[in-house]
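Shown next, in structure tokens, is the structure this report addresses.
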Amino acid sequence: MCGVVGFSCNAPTHEHYDLLRRIMHESKIRGLHSFGLSYVNEGIRTHKAHNLDELQIPRATRIIFHNRYSTSGDYLNHNNNQPLANDKSALVFNGVIDMRTKEEMEEAYDVRLSCDNDGALLLELCNDNPQDMLAFTQEKNASFAGLVLSASNVIYAFRNTNRPLWRATFKGGLYFASTRDILMRAHEQLQPVELKPGMIYAD
């Protein structure tokens with residue numbers, strides 16, 4: 001089980017970042033073994049930690065966040081933890097794309113993967129294209145709900161029917177979280193809306 005959180009705001013204030021921190025804190029219920037976030041600052045920047053308090057929220061207009069329990073891949077090796085990133089995009093997701101080992105996936109798809117996390121397949125095979133990523137998860141009948149942050153500073157959010165993903169607005173800011181209750185515990189006045197499966201939301 002994993003938690004994903006996203007944030008988008010063109011003119012963020014301390015109040016926006018405070019709410020983001022609360023949502024990240026509430027997401028801890030979905031995983032305590034590793035935490036990470038990505039943002040854009042002259043390219044994709046990614047920071048990972050084994051304790052949420054070690055992560056500083058950057059003063060950025062788009063941020064994606066992930067937390068996990070150890071389910072596959074050694075979480076002590078941050079290469080296996082999300083966000084997964086390259087020069088063009090960063091990815092966080094909740095779900096399972098392929099249950100095979102890294103070596104088995106490399107042989108099956110004729111690729112070289114940078115880590116044991118099956119999400120690396122999306123970065124290697126889908127040309128950093130969210131539409132292709134969504135199509136791949138549907139074709140493979142994977143369980144998936146995730147966020148992609150492009151180097152052009154756009155967040156793409158999408159899910160299939162096997163995993164939830166919710167969004168809510170607050171004073172001009174947009175927030176994503178894995179479940180409705182995470183958002184509601186962070187701020188009782190939010191009005192979360194579940195993303196429709198098979199659709200891509202861009203902000």
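Laid out as a table, the results:
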item: Filter result for the condition that a residue is at negative phi, surrounded by fewer than 23 Cβ atoms within 10 Å (Cβ to Cβ), of a type in the set (Asp, Glu) and touching a helix residue (DSSP H, G or I) at 6+ places or on another chain (Cβ under 8 Å), over GLU15, GLU26; result: GLU26
item: Residues located in the stretch 102-121, provided they are hydroxyl-bearing (Ser, Thr, Tyr) and farther than 28 Å from SER27 by Cβ; result: TYR109
item: Residues of the stretch 146-167 classified as surrounded by fewer than 22 Cβ atoms within 10 Å (Cβ to Cβ) and hydrophobic (A, V, I, L, M, F, W, C), total; result: 2
item: Verdict on ALA11 being of a type outside the set (Phe, Trp, Tyr) and touching a strand residue (DSSP E or B) at 6+ places or on another chain (Cβ under 8 Å); result: no
item: Hey, GLU42 at positive phi and either surrounded by fewer than 20 Cβ atoms within 10 Å (Cβ to Cβ) or in contact (Cβ under 8 Å) with a residue 40 or more places away in the chain (or both) or not; result: yes
item: Failed item in (1) surrounded by 14 or more Cβ atoms within 10 Å (Cβ to Cβ); (2) under 13 Å from LEU149 (Cβ atoms); (3) among the charged types (D, E, K, R); (4) more than 15 Å from the chain's Cα centre (by Cα), with ASP87 passing the rest; result: (1)
item: Among residues of the stretch 15-48, those that are more than 15 Å from the chain's Cα centre (by Cα) and of a type in the set (A, V, I, L, M), counted; result: 3
item: Residues within the stretch 62-75 that are out of contact with any strand residue (DSSP E or B) (no Cβ under 7 Å at 6 or more places or on another chain) and either on the phi > 0 side of the Ramachandran plot or at pLDDT 95 or above (or both), tallied; result: 1
item: Residue match in the stretch 101-109 (condition: under 23 Å from PHE158 (Cβ atoms) and free of Cβ contacts under 8 Å to residues at least 60 places away in the same chain); result: yes
item: Residue match in the stretch 137-144 (condition: surrounded by fewer than 17 Cβ atoms within 10 Å (Cβ to Cβ), free of Cβ contacts under 8 Å to residues at least 24 places away in the same chain and under 22 Å from LEU84 (Cβ atoms)); result: yes
item: Search result, residues across the stretch 14-31 that are touching a strand residue (DSSP E or B) at 6+ places or on another chain (Cβ under 7 Å) and of a type in the set (A, V, I, L, M, F, W, C); result: LEU19, LEU20, ILE23, MET24
item: Filter pass, GLY36 being crowded, with 17+ Cβ neighbours inside 10 Å, more than 18 Å from MET133 (Cβ to Cβ) and modelled with pLDDT of 95 or more; result: yes
item: Hits in the stretch 30-69 (condition: within 18 Å of ASN10 (Cα to Cα), small (Gly, Ala, Ser) and not in a loop (DSSP other than H, G, I, E, B)); result: SER38
item: Wholly enclosed helices (runs of 4 or more DSSP H) of the stretch 93-203 bearing at least 2 residues in contact with a Lys or Arg (Cβ under 9 Å, 6 or more places away or on another chain), under 19 Å from LEU20 (Cα atoms) and at pLDDT 95 or above; result: 180-186
item: Residue count, the stretch 1-22 (criterion: closer than 28 Å to ASP87 by Cβ, at pLDDT 95 or above and of a type in the set (A, V, I, L, M, F, W, C)); result: 6
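The values are calculated or read from the model by the stated rules, or taken from the named source; none is laboratory data. Fair warning: this is a prediction, and the values are worked out from it, not measured in the lab. Because the Cβ atoms are built from the backbone with ideal geometry, glycine has one as well, and the counts that use them run over all protein chains shown.
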